[in-house]
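Structure first, commentary second.
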Amino acid sequence: MLRIKVFVFNPVRENTYLLYDRTKEAVIIDCGACIGNEKKQLSDFIHEQGLTLKHVLNTHLHFDHVLGNKFLYETYGLKPEYHLADEAMPGLKDGIVDFESFTCKYDAVFAEQYIEDKGLISFGDSCLEALSTPGHSPGSLSFYSEKDACVFTGDALFRFGIGRTDLWGGNYEELIQSIKNKLFALPGNTVVYPGHAEASTIGEEKTHNPYLKRI
Ligand SMILES: [Zn+2]
Ligand SMILES: [Zn+2]
């Protein structure tokens, strides 16, 4: 059974997910650790639980989801894995964040291995399937575990919300198609773990998401 530890990191309050099972092998989805003792909090947890990190995954490459990638690379020697389509994102190589009152510099770490639609990520007894869910960004991925009935949707689908589509490469129609064809095709009891705020389920979003009532 998959264990899921959620950290809420950086001023954008991004959800960083650490997944592991009884084998103690782990993956991290969207490491946003950046300020204060966030990095220490994360590495202390990994150490205390005796986990071995196997993969660093990104649902997409917006700064709030990748701020901790350098730390993970330096600490655990793992490069992030994500969809190639997000690499053309302007400003990514500059690594400068200027967001509201929050300014910081980070060094982007680039993938050596990319993830495509239907790609499988294995660790321990567990497996995640990558679902290409573009629209919030061209390379947006969701990570699905059928066995554990959960999906990590990044900024594509939120509890009672959907991702914004006014940023680089965003496309509203594409986002709606991704949600309708990929995410809403999953069983209703699948728990949705989004990139921000609380979890939900596919069933709940199908019936109560005000942005998706019409589809
Ligand atoms: Zn985003
Ligand atoms: Zn985000």
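Just so it is clear, none of the values below were taken in a lab; they were calculated from the coordinates. The model shown is predicted, which means the values in this text are computed figures rather than measured ones. Quick reminder, even Gly has a Cβ in these numbers, built from the backbone with ideal geometry, and neighbours come from all protein chains shown.
Of the cross-linked pairs LYS118/LYS147; LYS93/LYS118; LYS5/LYS40; LYS79/LYS147; LYS5/LYS39; LYS5/LYS93, those separated by over 24 Å at the C-alpha level are LYS93/LYS118; LYS79/LYS147; LYS5/LYS93. Applying the criteria of a DSSP loop state and at most 16 other Cβ atoms within 10 Å to the chymotrypsin sites (Phe, Trp or Tyr not before Pro) of segment 116-168 yields PHE160, TRP168. Backbone phi angles across segment 122-129, fed through the Karplus curve with coefficients 6.51, -1.76 and 1.60 (θ = phi - 60°), yield HN-Hα couplings of 10, 7, x, 8, 10, 8, 10, 9 Hz in residue order; Gly and Pro are listed as x.
Compactness of segment 1-91 is given as radius of gyration and Dmax, 12.6, 40 Å, from Cα positions.
When DSSP beta bridges are restricted to pairs lying wholly in the chain, around 70% turn out antiparallel. Dividing the summed -39500 (n - 2.57) terms of all DSSP H runs of n ≥ 4 by the residue count of the chain sets its mean residue ellipticity at 222 nm at -4500 deg cm²/dmol. Here the spin labels are modelled as points 7 Å beyond Cα on the Cα-Cβ line, and at PHE160 and ALA185 they lie 2.9 nm apart. Length available on full extension from GLU129 to GLN113: 0.36 nm per residue minus the Cα-Cα distance, which gives 4.2 nm. The simple spin-label model puts a point 7 Å past each Cα toward its Cβ; for GLU204 and TYR172 those points are separated by 2.7 nm.
Can you tell me the FRET efficiency between HIS47 and VAL8 if r is taken as the Cβ-Cβ distance and R0 is 22 Å, rounded to the nearest 0.05? After rounding to 0.05, the efficiency reads 0.65.
Scaled to the globular estimate 2.2 N^0.38 Å, the Cα spread of segment 108-171, given as radius of gyration, is 1.21. Pairs of Cα atoms in the chain fall into 5 Å distance bins, from 0 up to the last occupied one, in shares of 1, 7, 16, 21, 22, 16, 10, 5, 1, 0 percent.
Here's how it looks for THR201: its modeled amide H is under 5 Å from those of VAL192, which are all 5 or more places away or on a different chain.
In loop segments of segment 92-146 as defined by DSSP, the trypsin sites (Lys or Arg not before Pro) with at most 14 further C-beta atoms inside 10 Å of their C-beta are LYS93, LYS118.
Placing R0 at 30 angstrom, the Cβ-Cβ distance between ILE96 and ARG22 gives a FRET efficiency of 0.15 after rounding to 0.05. The relative contact order of the chain comes to 16 percent, based on Cα pairs under 8 Å that sit 6 or more residues apart.
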